[in-house]
Amino acid sequence: MRKVFPINDNWYYKPQFSSKDLLCEAEECKASFEKIELPHTNKELPYNYFSDKDFRFVSCYKKWLCLPKECKGQLVFLDFEGVMNYAQVYVNGTLAGSHKGGYTGFSLNISDEVHWDKENEIAVVVDSTERPDTPPFGGQIDYLTFGGIYREVQLRFADPAHIESVFVKTEDILSDKKRMCAEVSLQNIKDAGYTLEVCLMDGAEVLAQKQAAIDENANLAAVELSGLECIALWTLEDPKLYDVVCTLKKNGEANDEVRERVGFRQARFESSGFFLNGQKIKLRGLNRHQSFPYVGYAMPRRVQEKDADILKCDLGLNVVRTSHYPQSRHFLNRCDEIGLLVFEEIPGWQHIGDEEWKEQAVQDVREMILRDRNHPAVILWGVRINESQDDHDFYVKTNETARMLDPTRQTGGVRYLTNSDFLEDVYTMNDFVHDNGYGKYLQKVIKDYKTYDNIQEIDGETTALRDPRMVTGLDRDVPYLVTEYCGHMYPSKRFDQEERSVEMALRHARIQNASYGDEHISGAIGWCAFDYNTHADFGSGDKICYHGVMDAYRIPKFAAYVYASQVNPEEKIVLEPATYWTRGDRSTGGVIPLTIFTNCDEVHVYCGESLLGVYYPNRELYPSLPHPPVVVDRMEGGWGSKWTDAEFVGYWKGEPVVRRTYQADPVPTFFEIHADSKTLVSDGDTWDATRVVFSVTDQSHQEMPFFQEPAVIQVSGAGQLIGPSVVSSVCGKVVFWVKTIGQKGTMQIEITTPRLKAPVCQTIEVK
């Protein structure tokens, strides 16, 4: 039977590789290398203002280990989940294999290179430069790729005759008696006597079971389970998951076993919209980059899962696009668990390289689908290079590869071109037409003004999304999904002047309204969820793209509440006025017009003790949104020369359910610290981490948008800080991550600021 051992601790790392490093003995290496744990970034970076060449170098990782004697006679595999960007793996000085591409995993059979009677040396030479032979490189890229062994590694033992992979197809989903078929790829079935047993399980309960004989020299076996009457569907509200256990037996004895988690669901894009289990659903989502401050891509399971929770639970999304590459299995697993749909795509950004480059892109399609095709959350494969030009033969091949490996899912190809060569099943389009009239202004003051996304003379002030037929150039309706909007068109920092932050939010609201209003648009996925680091050619000059509805620390901007407010009030009540409540921040003075993002039925607005008005969701401006924002365009009674406190009371079903108070004269009052997780694990597969938020708020617990005083962070005990220990507040918040260090006990966190008489503390248990 197979055995799997995580090997993420006790690695040694050297940032500058020399061929001599492959020859040096263990003790010499350990003295000159840095001891690290995986996941690992090849270089910790500042938050902003750094050179994007800082992480582009060749480094070396080494580990020494002894193999368990009980596994002798089995094959030995090294499984890497992600190494950015080109990896060469040496075992005891011999090159065991290599892999191009940093976003999919790879496995190497190292059976011929290992020793069973003494210690083995694993060396990984990691090229993190932007290699022109590997997607997404060769042109400009609007994101950083960072470097290192940034995902987990495991050692796997298996008998020579073993299961290579399992693909579970669920069928007849909408019938009373559902079916599933497990397609199992096999290795080294040299003789007769093998059988394959497939069990469908709900926890410990066996729901169905079947065994089939395997032909001699077979490399593929399929076992079907039918008449499944008790199966619950995987839905957004109740994402029911089951286990499929495939056991390879020889003469009745278990030889190998693979367990896959699956959900029974039907996902289809039609010309009339998107349907999940036969029910039409409007997709509402955001794009996600997998990067984090300081450590780039190198975050463990808990942090990856938290991102999925933020998207689904905090922002109220039902879909996420993994821009622009396959992302962590932990993130996808969590999407399966909470019912967050996923559009997953291959690496790339605008550039298509030579034939070698294209072959690697096709390989990326293969590796992505083979890894992720059992995830019920994944509903669409992105098999086109994001925003690239047409390339017919290339995209015929990517589509053919996807359909061969997974005939159960449709393909999409993200473009910004109109009248584009349509080879996929779904026309996926980045539509940046909406500019609220700013394009008209620029055309008056800039000669030959134009944008790269060709707006076809459409009025971006009055048009939020183009008609699908105008985009496709076809005389028929086809499945159509908007995959980006806003973003680079109107970024906003969390600390920007109020009018800019509000306008960013309103653009998201207008486009979502347009999406909901067109039955032929399956939905719209905005750019983007979180701010992210980027190259010097993009962003705000400080190596950050401030395109997110949340900042890089996952703290919301006003635009975040456009999405959060669309949830059913039965699940969560949302009321967020898009204002700092300061008289002098807008060019017109005051706060009118005031937009309130809410799913309440009505909002009562008070100034001081006076009720200034009762306001309702504005269906005139936003007729199609499930929950239009409330727009306050007048406040009878005025304030004269005196600025007063304000109170917003949200009503639902005739009852007050939420209350927000804003101070006319805010002062720092509450100094609070909160960790996403109060308990971490030190003896898991790898190190653990959690986010910590320190907040300075006013008398009403409201954020203070211009509070920028420094804070000193001290972490002691069974953990350490990720990033610098002295930071400035942003809008009254200091946000950071802490990590375990292989010790059990308690982690103590202390925050001090010039205004604090005593530190604010947080304790985290490490088990």
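Values (1) 87, 59, 56; (2) 79, 77, 61; (3) 90, 64, 58 are given for comparison; Cα extents along the principal axes in Å, derived from the coordinates here, is the one labelled (3).
Dipole size of the chain about its Cα centre, with +1 on Lys/Arg Cβ and -1 on Asp/Glu Cβ: approximately 1120 debye, rounded to the nearest 20. Compute the relative contact order of region 592-700 as a whole-number percentage, counting only Cα pairs closer than 8 Å that sit 6 or more residues apart in sequence. Relative contact order here is 23 percent. Classify region 478-541 from the C-alpha gyration tensor, please: rounded if a/c falls under 1.5, else prolate or oblate depending on whether a/b exceeds b/c. Oblate.
Mind checking the dipole of region 3-157: about its Cα centre, +1 per Lys or Arg Cβ, -1 per Asp or Glu Cβ, Debye to the nearest 20?
Working: 17 positive and 23 negative charges, 25 e Å.
It works out to roughly 120 debye.
If R0 equals 30 Å, the separation of the Cβ atoms of ILE338 and LYS118 corresponds to a calculated FRET efficiency of about 0.05. The residue list PRO754, GLN154, VAL83 was ranked by how far each Cα lies along the charge dipole of the chain toward its positive end, using unit charges on Cβ atoms, and PRO754 comes out on top. Listed values for region 527-540 are Karplus-derived 3J(HN,Hα) couplings in whole Hz (6.51 cos²θ - 1.76 cosθ + 1.60, θ = phi - 60°), namely 9, 8, 6, 10, 4, 8, 6, 8, 6, 5, 6, 10, x, 9, and x replaces Gly and Pro.
May I ask for the net charge around THR94, where only other residues with Cβ less than 12 Å from the Cβ of THR94 are counted and Lys, Arg are +1 while Asp, Glu are -1? That works out to -3.
Between LYS53 and LEU23, 0.36 nm times their residue separation minus their Cα-Cα distance comes to what?
Values: separation 30, 0.36 × 30 = 10.80 nm, distance 2.81 nm.
Residue separation times 0.36 nm, minus the Cα-Cα distance, leaves 8.0 nm.
Report the FRET efficiency, 1/(1 + (r/R0)^6), for ARG755 and ASP309, where r is their Cβ-Cβ distance and R0 is 30 Å, rounded to 0.05. If you can, show how the numbers build up before the last one.
Details: r = 32 Å, r/R0 = 1.07.
Rounded to the nearest 0.05, the efficiency is 0.40.
Equivalent-ellipsoid semi-axes for region 671-767 (Cα gyration tensor, √(5λ), whole Å, largest first): 26, 12, 11. By the count of neighbouring beta-carbon atoms within 10 Å, fewest first, CYS761, CYS313 end up ordered CYS761, CYS313.
Think of region 3-157 as a dipole: +1 on every Lys or Arg Cβ, -1 on every Asp or Glu Cβ, centred on the Cα centre; then among VAL126, VAL114, CYS29, VAL114 lies furthest on the positive end.
Judged by the gyration tensor of its Cα atoms, with axes a ≥ b ≥ c, region 105-171 is oblate; a/c meets the 1.5 cut and b/c is at least as large as a/b. Charge dipole of region 670-766 (Cα centre as origin; +1 on each Lys and Arg Cβ, -1 on each Asp and Glu Cβ, all else neutral): 180 debye, rounded to the nearest 20. Spin-label model, GLU499 to GLU224: label points 7 Å out along the Cα-to-beta-carbon direction sit 6.6 nm apart. With the simple model of a label 7 Å out from the Cα in the direction of the Cβ, ASN10 to GLU602 spans 6.9 nm. As a rough guide to protection, the peptides 606-617, 569-580 ranked by mean Cβ packing within 10 Å, highest first, stand as 569-580, 606-617.
Give me the distance between the Cα centres of region 41-57 and region 66-132, rounded to whole Å. One Cα centre to the other: 26 Å.
State, as an integer percentage, the relative contact order of the chain based on alpha-carbon contacts under 8 Å between residues 6 or more apart. If you can, show how the numbers build up before the last one.
Values: 1903 pairs, mean separation 70.5, N = 767.
Answer for the chain is 9 percent.
For the peptides 176-183, 17-24, 296-303, residues were scored by their other Cβ atoms within 10 Å and the scores averaged per peptide; the highest-first order is 296-303, 176-183, 17-24. Ranked by how many other Cβ atoms sit within 10 Å of their own Cβ, fewest first, the residues THR740, THR483, THR94 fall in the order THR94, THR740, THR483. Projecting the Cα atoms of LEU465, VAL414, ASN287 onto the charge dipole of region 282-564, computed from C-beta unit charges around the Cα centre, puts ASN287 farthest toward the positive end. Under the combined filter of DSSP loop state and at most 13 neighbouring Cβ atoms within 10 Å, region 483-551 retains these GluC sites (Glu not before Pro): GLU519.
Annotation: amide H of TRP652 within the under-5 Å range of ASP601, VAL657, sequence separation 5 or more or interchain, hydrogens built in the peptide plane. Highest-first packing order for the peptide set 187-195, 459-467 is 459-467, 187-195, based on the mean count of other beta carbon atoms within 10 Å. The mean sequence separation of alpha-carbon pairs under 8 Å and at least six residues apart, normalised by the residue count of region 128-235, gives a relative contact order of 22 percent.
Go ahead and estimate [θ] at 222 nm for the chain from helices alone: -39,500 (n - 2.57) per DSSP H run with n ≥ 4, summed, over the residue count, rounded to 500. My calculation for the chain gives -4000 deg cm²/dmol from helical runs alone. Give me the percent of Cα-Cα pairs in region 575-662 that sit more than 17 Å apart, rounded to a whole number. Counting pairs separated by more than 17 Å, the tail of P(r) holds 46 percent. Spin-label pair LYS35-GLN714: with each label point 7 Å from Cα along the Cα-Cβ axis, the two points sit 2.6 nm from one another.
Our estimate of slack between SER725 and SER272, defined as 0.36 nm per intervening residue step minus the Cα-Cα distance, is 157.8 nm. Region 574-626 and region 136-204 have Cα centres spaced 51 Å apart.
Can you tell me how much longer the chain between MET1 and ASP683 gets when fully stretched, taken as 0.36 nm per residue apart minus their C-alpha distance, in nm with one decimal?
This chain segment gains 243.1 nm when fully extended.
With just the Cα atoms defining each centre, how far is region 3-27 from region 443-514? Give it in Å. Between the Cα centre of region 3-27 and that of region 443-514, the gap is 49 Å. Electrostatic bookkeeping for GLY523 treats Lys and Arg as +1 and Asp and Glu as -1; over the other residues with beta carbon under 13 Å from its beta carbon, the sum is -1.
Cβ-Cβ distance of LYS72 and GLU765, R₀ of 35 Å, FRET efficiency by 1/(1 + (r/R0)^6): the value works out to about 0.35. Checking the a/c ratio against 1.5 first, then a/b against b/c, what shape does the Cα gyration tensor give for region 532-596? Oblate shape, in that a/c is at least 1.5 and b/c is the bigger or equal ratio. Listed from fewest to most Cβ neighbours within 10 Å, the set ILE385, ILE544 follows the order ILE544, ILE385.
A short reminder: the numbers here are calculations on the coordinates, not readings from a lab. Bear in mind that the values here come from a model prediction, so they are computed numbers and not experimental data. A quick note on method: Cβ atoms are made from the backbone with ideal geometry, for glycine too, and the neighbour counts reach across all protein chains shown.
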